[in-house]
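**Student:** I am attaching a structure below and will ask some questions about it afterwards.
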Amino acid sequence: MVSHRRGGGLAIGVTEPNPHLIWSAGARPQAPPGFARARDQLAALHPDYLRVVVDWSTLQARPSAPPALAAGRDGCERGIGPCAPYAGLRDLFAAIASRPGLTPVVVIYGAPAWAAVGPAGCERPGTLPRSRTLTPAGLAGYRTLIRSILALARGTGLELPWWSPWNEPNHPYFISPQRSRCDAHAPPDSPRDYARLVRAMRSELAADPQPHQLVLGDLAGFTRPSPIAVGVGEFVAGLPGDVACASPVWAVHYGLARLARRAEATVDQLERALARRACPARARIWVTEAGAPTPRAPVAGAGDPVASCRELAAVLAHWNADPRVEAVFQYTFREDPLFPIGLADARLTRLYPAYGVWRAWGARSAADPVPPAGARAACA
């Protein structure tokens, strides 16, 4: 299985969990009220990939019950309309299958309480079980979850070629504790915990008749270690060799910041760290969470969406010039009020300037590897 740059340039992806925004118009001519225009706007981006984020902690309250992959969802955005019910991953998989050429990338996170270890090490106040690493029983449940997702995809006629074992394993919200001692210089524990997940997922996918490939990392964009978090380079250095070289495709996030230099530094640090591991296959980088902060974002400069948009255009052009960066994903299409870097507001009534940049990139022909000339102008 080979990932690719579109025509030699960046491939693009997006995160969007609501199938009412994914269904093709041919498969579902009538979208629920409030969704039709936004669905067409997302389709106009022509994304190569859709990131499918699976929060396990919300799907399996007891180990004796199977993961509720078709559990009903209200289709709101944290209580904000428009809303329209759908059946969880089952409907999302069916919607993706209705769009030929849209490739899903599955990423898992969130330990159910029964699957998580107890408090230990250096943790943030208020850490919940969902953030903690897995017990042996939890790891067995993780394997079951993977098999359940594979079975659901088969039932909807969808192939799942790309899998990320865990989201942001160097962040305390997703794996806790990151260190046994509250000291930025203490050895990190999270690479060891992540290695167990990689090995478990690799084993389950190898037993499936369809081809699959891992996307490693999905790392939070920390460039420096702290007592409760692990930097990108430090995390890669701490992995066992069989895990660091388990796939040539690595993913990183650059976070909620209108700072091109920070975004570039995060990717550069990952590239240097992987070069030091000297794996047989040359590393290929995906940036699986990117975007321009909206006016709601609590970061410097977020009140100027045009300036944020231009910063995004500059970052995309920088990564396009780096042959090791293959794909960049917008996070998200519909704005999440807790993570405001979307392209449309939560009510789906307006688009932010950054939408024009992504649409310019998506409109390229397969033979055009260069940054679209109008990408920066699209911010105006």
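**Student:** Given the C-alpha atoms of the stretch 48-133, compute the convex hull and give its volume per residue in Å³.
**Tutor:** Working: hull volume 11.5 nm³, N = 86.
Hull volume normalised by residue count: 133 Å³.
**Student:** Specify the residue with the greatest mean-square fluctuation among Gly138, Gly79, Gly126, computed from a Gaussian network of the chain linking alpha-carbon atoms under 10 Å apart.
**Tutor:** Between Gly138, Gly79, Gly126, it is Gly126 that shows the largest mean-square fluctuation.
**Student:** Moving on. Mean-square fluctuation check for the chain, GNM, Cα pairs under 10 Å: which of Ala281, Ala200, Ala297 is largest?
**Tutor:** In the Gaussian network model the winner is Ala281.
**Student:** Helix-derived [θ] at 222 nm for the chain: sum -39500 (n - 2.57) over DSSP H runs of at least 4, divide by residue count, nearest 500? Working shown, then result.
**Tutor:** Details: 9 runs with 108 residues, N = 380.
Value at 222 nm, helices only, nearest 500: -9000 deg cm²/dmol.
**Student:** What is the distance, in nm, between label points placed 7 Å from the Cα along the Cα-to-Cβ direction at Thr58 and at His46?
**Tutor:** Output for this residue pair reads 3.2 nm.
**Student:** Select from Ile285, Ile80, Ile149 the residue whose mean-square fluctuation is largest in a Gaussian network model of the chain (Cα-Cα springs shorter than 10 Å).
**Tutor:** Comparing Ile285, Ile80, Ile149 in a Gaussian network model of the chain, the most mobile one is Ile80.
**Student:** Continuing with this model, one more query. For Thr332, enumerate residues with amide H under 5 Å from its amide H, sequence gap 5+ or separate chain, H modeled in the peptide plane.
**Tutor:** Amide H neighbours of Thr332, under 5 Å, 5+ apart: Ile341, Gly342, Leu343.
**Student:** Farthest toward the dipole's positive end in the stretch 1-153, which of Ala25, Ala151, Pro112, given Cβ charges of +1 (Lys, Arg) and -1 (Asp, Glu) about the Cα centre?
**Tutor:** The one lying farthest along the dipole's positive direction is Ala151.
**Student:** Starting from the Kirkwood Rh over alpha-carbon pairs, what translational D in µm² s⁻¹ does the stretch 14-95 have by Stokes-Einstein at 20 °C and 1.002 mPa s? Don't skip to the answer; put the middle values down first.
**Tutor:** Values: Rh = 13.6 Å.
Estimated via Stokes-Einstein, D reaches 157 µm²/s.
**Student:** Sticking with this structure for a sec: So for the stretch 1-133: antiparallel DSSP bridges make up what percent, rounded to the nearest 5?
**Tutor:** Numbers: 4 of 14 bridges.
Taking every DSSP beta bridge with both residues in the stretch 1-133, the antiparallel ones total about 30 percent.
**Student:** Place a +1 charge on the Cβ of each Lys and Arg in the chain and a -1 charge on the Cβ of each Asp and Glu, then give the dipole magnitude about the Cα centre in debye, rounded to the nearest 20. Mind dumping the intermediate values first?
**Tutor:** Details: 41 positive and 30 negative charges, 18 e Å.
With only Lys, Arg, Asp and Glu charged at Cβ, the dipole is about 80 debye.
**Student:** Between Asp368 and Ala65, what FRET efficiency comes out of the Förster formula 1/(1 + (r/R0)^6) with R0 = 56 Å and r the beta carbon distance, rounded to 0.05?
**Tutor:** Values: r = 49 Å, r/R0 = 0.88.
Efficiency, rounded to the nearest 0.05: 0.70.
**Student:** Next question. Taking the Cβ of Gly157 as the centre, find all other residues whose Cβ is under 13 Å away and add up their charges (Lys, Arg: +1; Asp, Glu: -1). Could you put the intermediate results ahead of the total?
**Tutor:** On the way: positive: Arg90, Arg99, Arg154; negative: Glu159.
So the environment of Gly157 carries a net charge of +2.
**Student:** Let me ask you something else. At a Förster radius of 35 Å, what calculated FRET efficiency corresponds to the Cβ-Cβ distance of His4 and Ala186, to the nearest 0.05?
**Tutor:** Numbers: r = 40 Å, r/R0 = 1.14.
Efficiency, rounded to the nearest 0.05: 0.30.
**Student:** Fully extended, how many nm does the chain gain between Gln210 and Trp114 (0.36 nm per residue separation, minus their Cα-Cα distance)?
**Tutor:** Working: separation 96, 0.36 × 96 = 34.56 nm, distance 3.06 nm.
Once the chain is fully extended between Gln210 and Trp114, it gains 31.5 nm.
**Student:** Dipole of the stretch 21-81, Cα-centred, from +1 at each Lys and Arg C-beta and -1 at each Asp and Glu C-beta, to the nearest 20 debye?
**Tutor:** On the way: 7 positive and 5 negative charges, 20 e Å.
Approximately 100 debye in magnitude.
**Student:** I would also like to ask the following. Can you give me the % of accessible surface on the chain that is carbon or sulfur? Probe 1.4 Å, all protein chains present, nothing else counted. Walk me through the intermediate numbers first.
**Tutor:** On the way: 8360 of 14760 Å².
Heavy-atom surface of the chain belonging to carbon and sulfur, 1.4 Å probe: 57 percent.
**Student:** Of Val328, Gly291, Tyr355, which is farthest along the charge dipole of the stretch 272-363 in the positive direction, counting Lys and Arg as +1 and Asp and Glu as -1 at C-beta?
**Tutor:** Ranked along the dipole, the leading option is Val328.
**Student:** Hey, got a sec? Which trypsin sites (Lys or Arg not before Pro) in the stretch 29-120 land in a DSSP loop and have at most 13 other Cβ atoms within 10 Å? List each step's numbers first, then the result.
**Tutor:** Working: sites: Arg37, Arg39, Arg51, Arg73, Arg78, Arg90; in loops: Arg78.
Those satisfying the criteria are Arg78.
**Student:** For the chain, what is the largest minus smallest coordinate of the Cα atoms on each principal axis, given in angstrom and ordered from greatest to least?
**Tutor:** 48, 44, 41
**Student:** Let me know the charge dipole size of the stretch 165-252 about its Cα centre in debye, to the nearest 20, where only the beta-carbon of Lys, Arg (+1) and Asp, Glu (-1) is charged. Let's see the in-between values first.
**Tutor:** Working: 7 positive and 9 negative charges, 36 e Å.
Charge dipole, the stretch 165-252, about its Cα centre: 180 debye, nearest 20.
**Student:** Would you calculate the convex hull of the Cα atoms in the stretch 128-221 and tell me its volume per residue in Å³? Before the final figure, lay out each step's value.
**Tutor:** Values: hull volume 10.1 nm³, N = 94.
It comes to 107 Å³ per residue, whole-number rounded.
The values are calculated or read from the model by the stated rules, or taken from the named source; none is laboratory data. Given the structure is predicted, the values throughout are model-derived calculations rather than measurements. With ideal geometry, Cβ positions are generated from the backbone for all residues, glycine too; neighbour counts draw on all protein chains shown. Quick note on the areas: whole protein, heavy atoms, side chains included, nothing else; ligands and nucleic acids left out. Shrake-Rupley method; radii C 1.70, N 1.55, O 1.52, S 1.80 Å.
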